[in-house]
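Here's the structure, in structure tokens; my notes come after.
The values are calculated or read from the model by the stated rules, or taken from the named source; none is laboratory data. Small disclaimer: the values here were computed from a predicted structure and weren't measured. Because the Cβ atoms are built from the backbone with ideal geometry, glycine has one as well, and the counts that use them run over all protein chains shown.
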Amino acid sequence: MTWRRHPPVLSPVSARALFDGMGAAIGFRPDSSATVAAMLRRRYGAVDALLTDSGTSALILALKRLLPKGGTVAYPAYACIDLTTAALGAGVHVRLYDLDPVTLSPDLNSLRATIKRGVDVIVLAHLYGYPADVLSAQTLASEAGIPVIEDAAQGAGGKLHGELLGSLGDVAILSFGRGKGTTGGSGGAVLVKTALLANWTRQARNDLRAGSRGGADVLSLAAQGLLSHPSLYRLPASIPSLKLGEMVYHPPRSPRGMSTSSAAVLSRTMDLHEREVSERRHRALCLLASMTATRDVTPVRSISGGESGFLRLALLDSIGTRIPDASLGALRGYPMTLDQHPQLWPVLLSGERAGNGSRFLRDRLFTVPTHARVTRADLARLAKWLEGTPVIRVGAANA
């Protein structure tokens, strides 16, 4: 057994960011919300950015704005359980479309059929930094006269035709949770591209309950910075109640504004974005280059014109026998498709089921880490494991 264990994903946080976050939490630092909103507008080419306490809250607000009361949203059948929370929080019904497991992008034939069954808005989610085909989905949606929400919570610096994920839709959702690449400890945002929608976000900003001070977020980030080191991560990972790396359902709650501490942290960590994306891409490409002899694992590839931000490197177990090695940070993807969430059943319309592509991803997708704490030696061990070669464990008995 090795003591060393990698977290599957890690968002960089500087000491200065933590200092500013704690200062904001105790009232010694001015609110950075306006600064963060301006940074987001510039980065994503948005007319306005509405800051929220989470990405889920941002999606709830967008669904309430774009759907009629009791309307129907089209969701990818394979996605984060937070989509379930958002549907329940917004009080909307759900239909499902399938994904192409080769690219993690929508199966356009399935999406077209879902639109024909009747939906009022489409949510398109980028997974693990891999671009979903926003442009093709927008074309289908435009033909039906319905809007698209670009869920870029996992966009992680990915691009499509040179445009940053999160900047493609008239409405986009961001998340700044601790596992999203760029973090404030918590928080989210709704980005809008039109003056009409900007009128809504300005009103929504006035109507939102103020965010908390967020001192707990800063303390959690500080703990993450220490305990996410591969030499220590086994400690929190061994505590079942923390449910690290697991899919956990959280009931919906009333959206609030971003906490003052999260805004302060984010005003610093956003400057680390480009370097972190570059680090992740370098590690992912090193691993991909080493996989020429790997027969039972197939890398997910980006769609034409797409470039992944590699929040994690996504791989497919081609023959169904691969057992991910948690000590290397290799983990299975979401263990259920959305139609298997009992929490979603009250709003899931009759007959809606996950397609073959989504079920294949549920059973065969796994990811390996690409973050900056993955060393050259770690990459070598990951490459050997992917090849099926026995890995020499650091610190193992008789190693």
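Is it true that some residue in segment 39-55 is out of contact with any helix residue (DSSP H, G or I) (no Cβ under 9 Å at 6 or more places or on another chain) and crowded, with 18+ Cβ neighbours inside 10 Å? First the steps, then the outcome.
We begin by selecting, within segment 39-55, every residue out of contact with any helix residue (DSSP H, G or I) (no Cβ under 9 Å at 6 or more places or on another chain); these are 41-42, 44-45.
With the extra rule that they be crowded, with 18+ Cβ neighbours inside 10 Å, the set shrinks to 44.
Yes - at least one qualifying residue is present in segment 39-55.
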message: Suppose we keep only residues that are in contact with a Ser or Thr (Cβ under 7 Å, 6 or more places away or on another chain) and part of a helix (DSSP H, G or I) within segment 304-352. Which one would you say is farthest from Ala383 (Cα to Cα)?
response: Leu338
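Filter segment 63-79 down to the residues that are assigned to a loop (DSSP other than H, G, I, E, B) and either modelled with pLDDT of 95 or more or crowded, with 24+ Cβ neighbours inside 10 Å (or both) and list them by number.
From segment 63-79, those assigned to a loop (DSSP other than H, G, I, E, B) are 67-71, 77-79; that's our starting set.
Scanning segment 63-79 gives Leu67, Gly71, Ala77, Tyr78, Ala79.
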message: Need the failing condition index for Ser167 against (1) touching a Phe, Trp or Tyr at 6+ places or on another chain (Cβ under 6 Å); (2) buried (at least 21 other Cβ atoms within 10 Å of the Cβ), just the number.
response: (2)
task: State whether one or more residues within segment 327-339 are crowded, with 21+ Cβ neighbours inside 10 Å, modelled with pLDDT of 95 or more and out of contact with any Lys or Arg (no Cβ under 8 Å at 6 or more places or on another chain).
output: yes
- line: Flagged in segment 64-98 as over 21 Å from Trp345 (Cβ atoms), touching a residue at least 60 places away in the same chain (Cβ under 8 Å) and not basic (Lys, Arg), in numbering order, are Leu66
query: Which residues, counting only those in segment 366-386, are under 30 Å from Asn109 (Cα atoms) and surrounded by fewer than 22 Cβ atoms within 10 Å (Cβ to Cβ)?
result: Phe366
message: List the residue pairs whose Cβ atoms are under 8 Å apart, where the first residue sits in segment 265-293 and is closer than 23 Å to Pro30 by Cβ and modelled with pLDDT of 95 or more, the second is polar (S, T, N, Q) and part of a helix (DSSP H, G or I), and the two are 6 or more positions apart or on different chains.
response: Ser267/Thr35
statement: Residue hits (segment 98-133; under 19 Å from Leu67 (Cα atoms) and either in a loop (DSSP other than H, G, I, E, B) or in contact with an Asp or Glu (Cβ under 6 Å, 6 or more places away or on another chain) (or both)) are Val119, Asp120, Val123, Leu124, Ala125
- line: The residue that is nearest to Ala222 (Cα to Cα), considering only those in segment 11-21 that are surrounded by 22 or more Cβ atoms within 10 Å (Cβ to Cβ) and aliphatic (A, V, I, L, M), is Val13
- request: Would you confirm whether any residue within segment 185-199 is in contact with a Leu (Cβ under 8 Å, 6 or more places away or on another chain) and not in a strand (DSSP E or B)?
  value: no
message: Criterion first (surrounded by 15 or more Cβ atoms within 10 Å (Cβ to Cβ) and either over 19 Å from Thr35 (Cα atoms) or touching a strand residue (DSSP E or B) at 6+ places or on another chain (Cβ under 6 Å) (or both)) does Pro251 satisfy it?
response: no
